[in-house]
1. For residues in the range 14-26 being surrounded by fewer than 13 Cβ atoms within 10 Å (Cβ to Cβ) and farther than 13 Å from S73 by Cα, which is modelled with the lowest pLDDT?
2. Within the range 110-120, work out how many residues are out of contact with any helix residue (DSSP H, G or I) (no Cβ under 8 Å at 6 or more places or on another chain) and touching a residue at least 12 places away in the same chain (Cβ under 8 Å).
3. Here is a check on your reading of the model: is E77 assigned to a loop (DSSP other than H, G, I, E, B), in contact (Cβ under 8 Å) with a residue 24 or more places away in the chain and of a type outside the set (A, V, I, L, M, F, W, C)?
4. Residue under question is F43, and the condition is that it be buried (at least 16 other Cβ atoms within 10 Å of the Cβ) and either modelled with pLDDT under 95 or assigned to a helix (DSSP H, G or I) (or both); does it hold?
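The values are calculated or read from the model by the stated rules, or taken from the named source; none is laboratory data. Just so you know, these numbers come straight off a predicted model, no measurement behind them. Because the Cβ atoms are built from the backbone with ideal geometry, glycine has one as well, and the counts that use them run over all protein chains shown.
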Amino acid sequence: MRQLNGHEGRPHFGPMPSLEREVADFDSDVLQRSEERFVLAEFWAPWCTACTRLHPALENVAARLAGRLELASVNIEMHAQLVEAQGVHGLPMVKAYFKGRAIGELTGVLPEPAIERWADSLFEAAREGGLMPPLAAAAATREP
């Protein structure tokens, strides 16, 4: 993923994170990475003020859930072919990918707790579907 510093590529409507993660190649930056962990792809546009309001909440949730999921930003003006291919029908839209496929989505601005509950529900659904180890086993595998 390409790292953008400052406000490059985004309008400045308020406080913005100092570092953003814009995909260079959707297949490698989202689909391939999702083979090992959840990837939340944030579909946005420079003219979308709601996108700017949602972004800090997504960054905070991704930071709290680091290691379990990763955040990728997809500027639909830079990646116009993905709008139809990925079923983007409103902005801001966040799609969750795991094991190379979309497994859930959110549209609109939501508060951090709602985003985190949604992410937790995706983790739980993946565990129940046998795609992830149970919590106790997962915790045991992380300990040295």
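1. S18
2. Residues that pass the stated criteria total 1.
3. yes
4. When the stated conditions are applied, F43 does not pass them.
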